[in-house]
Structure formats: C-alpha cells, structure tokens
Amino acid sequence: MKKSLATIFAAAAALAFADVAPAPEGESVPAVENESSWTDRLSGFGNYGIYSGYQLYGSLVNSEPTLQGYVEVNAALSWDGTDLGSLGVGLWSNTDLTDKRRGSYGKAFNEWDPNLHWSTTLWFDDDRTWGLFYRTSLVWYYYPHRRHDHMWGSTKTTMDWIHSFALVNPFVTPFLDWVHEYHESNADLLQFGLRKDISVDGVEGLKLTPAVTFVYRDHRYNWCFPTANFTEFHNGGIATVKLGLDANYQISEHFGIFAKVAYCSIIDGDLRNASDNTSGAGYGKYKDFAWGGVGVTFNF
C-alpha cells in the first residue's frame, strides 16, 4: 500500500535521501536562482533496484524479492526574486519477482504510485546550515491487477496525503512524516526518527546515512495485523522500529549506485501477538526481519 518504500524513497532523495522513501532519505534543497528560462529551473532524479522484499513502514508487504523504481521531476519556483519552493511530480513502481502475491496483485508492474508534491525550506541563517524543511505530497496508489476482496471491497487504488518535516542542521537530523490514508480506511500514521549523513574520508562521492525510525499507527492503520480476514482492528501505538543504513556512491555527475540494509521489529506487544495469526498474505506476519536492496541512481 502506499507509502511504500516509494514514499520513503521520494522524501529521502528530496532530502538527500532522507529515509526513501519515504528517503523517502544534511538535506540537499535546491536554491532558487533568477533564471530566465523554465528549463534552467527544472531538475530531477531517480533510482531502480532489486530488494529482498517489499518493506513498508517497518513491516513486510512481500517477503520475497521485488524490483522497485522511482523517478521525480521538480521545478524551482520564484516570484519577484522570492523563493517559493519547488513543485514536482513523481512515479514509483513495483514488480514482484516471485508468484507469492500473483493471485491477488498480479506480478509484473503490479503497483504504480504517482504523486504531486510541493516543498520548501525555511532557513534560520544566511549560510543555510539551519532550517526547517517541509514537503507535502498527494500520492495515488494504483494496483492494476488487484483481484482480492477485503473489508473495503475490491479496490484498485487508494490515496495518501503526506506531510514531511526535517530539521536541517550540520549534526543529526530529526525527521517526521505524517501520513493520512483517506480513501480506504481514513487512517493516520506517523514515521519519525533521527538520521545523519556521513562522508567517508578518502572516498569522494560516498555517503553513508544511518537512521533509526519509529512508526506510530492509529487503530485503523493497524488493519495489516488482522486476525479475522482484515476485519479486526488493534489499538494504536508505536508499532515498529527500523534500524537502517543507506550507502550512496556518486560515480559521475549524473549516475551513481546505492545499497541499503535495515533491521525491522514489531515492538508493540499486542501487534506481535496478532502477527502470529495474520491472514494478510504476509503483511504484518513477520515480527523481526532483515531487509535490503541494491541499485542505480541518476539525476538530471
């Protein structure tokens, strides 16, 4: 479902790989120049990789390998010399590499997640070393081959409204994502934690980003821990924790490679008990697991 890794990747790259995406991933926010041409204001980035599974908010949607990719294009906005932030569009996709979910979701390109977003940074100093980054995104999650029925009926799309915040600074970056799923379950989720970008001495272009991330789910967002075929909810609370490490290596001006690993654990006692009885096709089934992926990045 949504904010899959995609969202974690999108936010991440916009914040110099904030998480994603979630990134989406200090944060790399493009400054707005007084350019005469719109083409000078356009920029973009993307990635494509193979992952050990489909991980979403510290839980496994699919425990078997997948291919996932994301591409985003942004336009820097200004008016009369005033920075108005950046407006952009993005698209994330998933392809399962095994038949585990084929009966419900199909296999090849079984999820497409377009988004529309706007971001800006409120800088606290002239050197732009301290500031508050904000990004708001509307994300549509589309499953073209979805066939199974659940508590909401058989739907091929759902939608999120995501608000992302990060305190940009030279030290450790606190971040918060508020996700409101407003089509299927009218649920809320908070993803928050700390991350730090680390340059490696003697290896130009290599950046390591360790992070710790906690996920709070309200009771309606805990539908992925069902005990009766997606009909029983569980109390809200801090559901999962993720310890992760991203490595990004810029090979040239426009191309690079990445690797990421993470250890995820359900820390809510009720949800750990519920995961023993889940009927959610694997989603919410795994209490503790390692996850990771490798791939290529590009920017333009």
Here the range 139-147 yields Karplus 3J(HN,Hα) values (6.51, -1.76, 1.60; θ = phi - 60°; whole Hz; Gly and Pro given as x) of 10, 10, 10, 10, 10, x, 10, 5, 10
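Which FRET efficiency value, to the nearest 0.05, is calculated for T136 and N169 with the Förster distance at 22 angstrom and r the Cβ-Cβ distance?
For R0 = 22 Å, the calculated efficiency reads 0.55.
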By the mean-Cβ-within-10 Å protection proxy, highest first, 184-190, 164-170 rank as 164-170, 184-190
Multiplying the sequence separation of S43 and V241 by 0.36 nm and subtracting their Cα-Cα distance, what value in nm do you get? 68.0 nm
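Compute the length gained on full extension between Y249 and R147: take 0.36 nm times their separation in residues and subtract their Cα-Cα distance, giving the result in nm to one decimal. Walk me through the numbers on the way to the answer.
Values: separation 102, 0.36 × 102 = 36.72 nm, distance 3.97 nm.
Full extension of this stretch gives 32.7 nm more.
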Two pseudo-spin positions, 7 Å from Cα along C-beta at V89 and at M159, lie apart in nanometres by 1.6
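Laboratory data are not the source of any read-out in this text; all were calculated from the coordinates shown. These numbers come from a predicted model, not from an experiment. Every residue, glycine among them, receives a Cβ derived from its backbone with ideal geometry; neighbour counts consider all protein chains shown.
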